[in-house]
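In what follows, a single structure is set out as structure tokens and then discussed.
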Amino acid sequence: MNGCLLSEAHDLFRSQLENWELARNNYEALHHVKVKEFAFDKFSVKVQFNPARMVSTGAKINREAIATRPCFLCEANRPAAQEKVLWGNYELLVNPFPIFPEHYTIAHATHREQAILPFISDMVDLSRALPGMLVFYNGPRCGASAPDHMHFQAGTLDFLPIAGDYARMRYDRKRLAQTGTYAVYSLENYLRTVVCIESEKSDGVCTAFEWLYSILEPHDNEPMMNVCCCYVEGKWLMFVFPRRAFRPWQYEAEGNEQLLVSPATVEMGGILVVPVEEHFNRIHQEDILSIYSQVSATL
Ligand SMILES: [Zn+2]
């Protein structure tokens with residue numbers, strides 16, 4: 001669609017950091033976030049203490065809360081300082097509450113419900129137009145803080161462990177399906193279920209995704225899932241994390257048992273974001289095992 005989306009995005013990023021104080025402060029703060037790393041057998045999981053993410057991690061996303069708040073992805077409600085780059089039916093925005101060193105939100109130009117199936121080919125095209133970035137989608141019950149407004153996000157590819165883990169753990173892949181245009185694998189020994197679609201053809205990725213979607217357990221509007229996609233060396237890699245729960249019990253717990261972790265793509269991809277310092281200090285290996293086992297679905 002537009003070959004130069006990436007350079008337009010970079011230009012927007014630079015200009016927003018110059019002209020938008022909220023974004024500048026939050027990206028500057030990212031340089032000082034604390035990170036802990038837990039080593040498992042063949043991979044590690046990071047925990048990032050990021051107080052600016054309280055806005056998302058602590059978000060109430062029940063129907064009443066969503067219906068009564070102004071939608072922050074609709075242009076009319078955005079801060080005056082927030083600029084955009086147009087891409088087809090979408091508007092690319094700098095995410096002012098970042099996790100990644102560069103973090104974008106790509107919102108549909110019209111207010112319509114978050115859903116993956118009708119827009120999967122947009123996600124595939126978007127990852128082709130943003131090389132070096134990971135394009136991701138949070139289902140309406142799997143971490144999207146605007147479940148009423150269709151959007152993707154994109155962040156620096158190498159920042160999230162999933163793609164590197166998948167490349168390194170080649171002996172832990174189990175083939176689920178293969179045709180002339182795509183191959184589908186699951187990654188074993190990874191604490192959570194992840195399925196990877198590989199294809200050199202955009203319609204191959206879409207067809208494989210539609211097949212996977214059809215075998216996942218239905219839930220309200222769509223099977224619970226997080227999805228991320230990148231285009232590397234002439235090939236798409238799409239990672240799908242099937243989910244069975246939105247938040248772990250620790251989210252609602254009280255006192256010393258509470259851990260404010262609200263799993264979405266970033267968490268499933270290997271970085272647990274914690275907005276409360278005391279929770280960050282307390283979180284341990286067993287908590288990570290517990291959280292993944294509660295929210296991840298088996299195939
Ligand atoms: Zn909206």
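The values are calculated or read from the model by the stated rules, or taken from the named source; none is laboratory data. Keep in mind that this is a model prediction, so the values were computed, not measured. Neighbour counts are summed over all protein chains in view; Cβ atoms, including those assigned to glycine, are modelled from backbone coordinates with ideal geometry.
Quick notes on this structure:
- Of all residues making up the range 245-299, the number that are of a type in the set (Phe, Trp, Tyr) and closer than 19 Å to ILE162 by Cα: 1
- Pick from the range 32-45, criterion surrounded by fewer than 19 Cβ atoms within 10 Å (Cβ to Cβ) and in contact (Cβ under 8 Å) with a residue 24 or more places away in the chain, ranking: nearest to ALA107 (Cα to Cα): LYS34
- Condition check for ILE116: out of contact with any Lys or Arg (no Cβ under 7 Å at 6 or more places or on another chain), at pLDDT 95 or above and under 22 Å from ASN77 (Cα atoms): no
- Of residues in the range 132-160 being of a type in the set (Phe, Trp, Tyr) and out of contact with any Cys (no Cβ under 7 Å at 6 or more places or on another chain), the one surrounded by the fewest Cβ atoms within 10 Å (Cβ to Cβ): PHE159
- Test: residue in the range 167-185 that is under 27 Å from LYS46 (Cβ atoms), without any contact (Cβ under 8 Å) to a residue 12 or more places away in the chain and among the basic types (Lys, Arg): yes
- Filtered residues of the range 206-224 (kept if under 21 Å from MET169 (Cβ atoms) and in contact (Cβ under 8 Å) with a residue 40 or more places away in the chain): none
- In the range 238-256, the condition of being over 29 Å from SER199 (Cα atoms), in contact with a Leu (Cβ under 7 Å, 6 or more places away or on another chain) and touching a residue at least 60 places away in the same chain (Cβ under 8 Å) is met by no residue.
- Complete set of residues in the range 37-88 that are over 28 Å from ALA163 (Cα atoms), part of a helix (DSSP H, G or I) and of a type in the set (A, V, I, L, M): ALA65, ILE66, ALA67, ALA76
- Test result for ASN26, within 15 Å of the ligand (Cβ to nearest atom) and either within 20 Å of ALA154 (Cα to Cα) or modelled with pLDDT of 95 or more (or both): no
- Restricting attention to the range 91-115, the residues that are in contact (Cβ under 8 Å) with a residue 40 or more places away in the chain, within 16 Å of the ligand (Cβ to nearest atom), under 17 Å from GLU8 (Cα atoms) and not aliphatic (A, V, I, L, M) add up to 2.
- Near pairs, Cβ below 6 angstrom, 6+ apart or cross-chain, from the range 119-146 (under 24 Å from SER262 (Cα atoms)) to any residue that is charged (D, E, K, R) and not in a helix (DSSP H, G or I): CYS142/ARG243
- Strands (runs of 3 or more DSSP E) (entirely within the range 213-275) containing at least 1 residues that are polar (S, T, N, Q): 225-232
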